[in-house]
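Right, one structure below, let's go through it.
Bear in mind these aren't lab numbers, they're just calculated from the coordinates by the rules spelled out. Computed from a prediction, not measured in an experiment: that's the story for all the values here. Backbone-built Cβ (ideal geometry, glycine too); neighbour counts: all protein chains shown.
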Amino acid sequence: MYYDSYVALYLRLSLEDTDKGSANDESNSIHSQKMLLNRFVELNPELQKYGVKTYIDDGYSGTNFDRPQFQELLKDIKRNKIYCIIVKDLSRFGRNYIEVGEYLEHIFPLLGIRFISVNDNYDSDKLIGTTGGIEVAFKNLIHQKYSQDASEKVKAAIEELGYVPNAVAAALSSKKSGRIAIILRLYNSTQAID
């Protein structure tokens, strides 16, 4: 069936949070997000007149928007193909307070894009003429702080141990882009070789 506009389901999980197994290409969290969002569309008849298109950035940080499927979503928005974007929660959309706020309060309203965060009970259609308020701003700040705190803890652990643990080295390497980082401890400095 052909649709003029789509409901975009956006799913994201960073490498640090991944639970991929060797026999499973898609993380359990991504699978859970997909089930939750599809069920949400099923339960909301006003969304069923649109096609559903899913964008998945599995293994990408939310601290920036340089993610392949997010960029594809932006292209579809520019082509006027997207009516609504639905995410599990605001942290799946992004963890950068300023950028998330820019999209929610300026870019999407200007383009007429409806934005829904299921677990945050956020629907931009219910906020017409207002912003998401202080609750959304605080949630976005908390998500950003969480990412910054995790980064500082990893750096401190590397410094204390004097080497990069395998789990961290795996997160620094990106199988999807074909990059493999080799982490070496030479004298008093740590060096990554791409």
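Amide H contacts under 5 Å for Leu9: Lys53, Thr54, Tyr55, Ile86, restricted to partners 5 or more places along the chain or on a different chain, H placed in the peptide plane at 1.01 Å from N.
Under the simplified labelling scheme, the Lys49-Asp125 pair shows an inter-label distance of 1.0 nm, with each label point 7 Å from Cα along Cα→Cβ. About its Cα centre, the stretch 24-70 has a charge dipole of approximately 200 debye under the convention of +1 per Lys or Arg Cβ and -1 per Asp or Glu Cβ, with nothing else charged. Less than 5 angstrom separates the built amide H of Ile82 from those of Tyr6, all sequence-distant by 5 or more or on a different chain.
Do any of Lys53/Lys126; Lys34/Lys78; Lys78/Lys126; Lys49/Lys81 go past 21 Å between their Cα atoms, and which? In this structure, Lys53/Lys126; Lys34/Lys78; Lys78/Lys126 exceed 21 Å between Cα atoms.
Per-residue Karplus couplings for the stretch 42-56, computed as 6.51 cos²θ - 1.76 cosθ + 1.60 with θ equal to phi - 60°, are listed in order as 4, 8, 10, x, 5, 8, 6, 7, 10, x, 10, 10, 10, 10, 10 Hz, Gly and Pro entered as x.
By definition, a body whose alpha carbon gyration tensor gives a ≥ b ≥ c is oblate when a/c is 1.5 or more and a/b is not larger than b/c, and the stretch 35-78 fits this oblate description. Of the peptides 43-51, 91-99, 76-84, the order by per-residue mean of other Cβ atoms within 10 Å, starting with the highest, comes out as 91-99, 76-84, 43-51.
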